[in-house]
1. Among the residues of the stretch 7-14, is there at least one that is within 16 Å of the ligand (Cβ to nearest atom) and either in a helix (DSSP H, G or I) or touching a residue at least 12 places away in the same chain (Cβ under 8 Å) (or both)?
2. Looking only at the stretch 249-270, which residues are under 15 Å from Cys214 (Cβ atoms) and either assigned by TED's automatic domain parsing to the domain that holds Leu337 or more than 10 Å from the ligand (Cβ to nearest atom) (or both)?
3. What are the pairs with Cβ atoms under 6 angstrom where one residue, in the stretch 16-42, is outside the structural domain of Tyr146 (by TED's automatic domain parsing) and the other, located anywhere, is more than 16 Å from the ligand (Cβ to nearest atom) and among the charged types (D, E, K, R)? Sequence gap at least six, or different chains.
4. I'd like to check something: does the stretch 148-171 contain any residue that is within 16 Å of the ligand (Cβ to nearest atom), touching a residue at least 60 places away in the same chain (Cβ under 8 Å) and part of a helix (DSSP H, G or I)?
5. Need the failing condition index for Val153 against (1) closer than 27 Å to Ala260 by Cβ; (2) outside the structural domain of Gly284 (by TED's automatic domain parsing), just the number.
6. Please verify whether the stretch 139-149 includes one or more residues that are over 16 Å from Ala219 (Cα atoms) and charged (D, E, K, R).
7. From Asp342, Asp302, grab the single residue that is assigned by TED's automatic domain parsing to the domain that holds Phe383 and modelled with pLDDT of 95 or more.
8. Looking at (1) closer than 14 Å to Met140 by Cα; (2) touching a Leu at 6+ places or on another chain (Cβ under 6 Å); (3) hydrophobic (A, V, I, L, M, F, W, C), which one does Met217 not meet, given that it meets all the others?
Amino acid sequence: EGERLDARTQRSRETYARASAHLAGGVASSYQLRDPWPIYLEGGQGPRVRDVDGNEYWDFHNGFGSMVQGHAHPAIGEAVAGRYPLGTHFAAPTEDAIVVGDELARRFGLPKWRYTNSGSESTMDAIRIARAYTGRDTVMKIFGSYHGHHDTVMVSIGVEYDKIGDPDNLASLPYGAGIPQAVVDMTVAVPFNDAGAMERRMQRLEQEGRLPACVIMEAAMMNLGVVLPEPGYLEAVREITSRYGVVLIFDEVKTGLCIAPGGATEKFGVTPDMVTLAKALGGGLPAGAIGGSAEVMAVVEDGSVYQVGTYNGNPLTMAAARASLLDVLTPEAYAHLDRLNDRIVSGCQDIVDRYGLPGYAVGIGSKGCVTFSPQKVVDYESFKANQDADLSELAWLFNMNRGIFMTPGREEEWTLSVTHTDEAIDAYLACFEELARDLTA
Ligand code: PMP
């Protein structure tokens, strides 16, 4: 399958050679790297994308879930085109920023909002706000979770299995070079779905006089496929963080706006102190947001924390976000996503069962995946111990060769868009069944 994909993407190979002259590694972001070369895209409309070789795909990658609106949505196009002649940047607030804030407050049940331009900026600022609010430095995160590329959170992700350690004493390891050890030491990690381990870690940190400022987590992990919270887990986390005076941040960069109108916060019914958003908020433009309770966000309102950025609340971005929230991601759109996702998840599970594949299908809202693991994955350790990486790689190549565009990592999930139809789901299921048939022939 690898050779087949190479043969189909010769233009990408040439483009890679040209791109490598002045783009480091031939790409704009390390997450776009791929061996032997990245697949360069030319464009996309609705649920379809096209690469530079002219191959057409159903897009199940959707820009890591940023494009839940589908590509080139007319409502977002009109909003952006309508804004352009009025001026695109003042670094002064505009009307759309207010409307977007009102809508986010309504959806997430948190009263105070600020904007950023990416998920990384959102989590970076949220952590600073939590540190200011609590007067503490330590940050607690979930082992294996990704929260963006700033130093504090580039810790305890992508860790090899032999370095994981016991659940009560998980390694704090930098993800890549260039991260100061002093920063790494300030971030501690606990396993997902294990409230007991979180409680014990809190007790130890309290004894050491370094309780965390915050717990930053995804309510459902979205970088190991999809890992849902076990019943009662989020409620326990809420109780523990409240009891220790720790700010609970739900990083909803992936879940927010994609799994329900009010993200994981609405879906699971547990209200954090802060929410971070990005990705789908801008409908393809670089928007991010932070929401918080009045108490926590008071450190921004009273001026003790500078939550700043030249492009925060950029008019073009806000016009896209407004159209996205009010015109595209409507209740009907979420009902459509839920219906299609139910179909694809149950269709994949049916294929897994019929062919006896080592895995299971899981999904929520617009997101889902087949996890190739004989055991249920509940956290990073069980993912690392059980995921069949070779089969995941093969499934990826198989999809790409049959016109199903997937996230570059083998640890990511699909995201459907509101423009996906039953035809797209049929195509995915047909491809998956062909893989299952080949594997078991
Ligand atoms: N948080 C989560 C949960 C993410 O998945 C990501 C990106 N994959 C980020 C933060 C960082 O977002 P960005 O890439 O926009 O900086």
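The values are calculated or read from the model by the stated rules, or taken from the named source; none is laboratory data. From a predicted model like this one, the values you see are computed outputs, not experimental measurements. Reconstructed Cβ throughout: ideal geometry from the backbone, glycine too, with neighbour counts over all protein chains shown.
1. no
2. Matches in the stretch 249-270: Ile249 only.
3. Short answer, once both residue conditions are applied: Trp37/Arg13; Ile39/Asp51; Leu41/Asp51; Glu42/Arg50.
4. Yes - at least one qualifying residue is present in the stretch 148-171.
5. Every listed condition holds for Val153 apart from (2).
6. no
7. Checking each option against the conditions leaves just Asp342.
8. (2)
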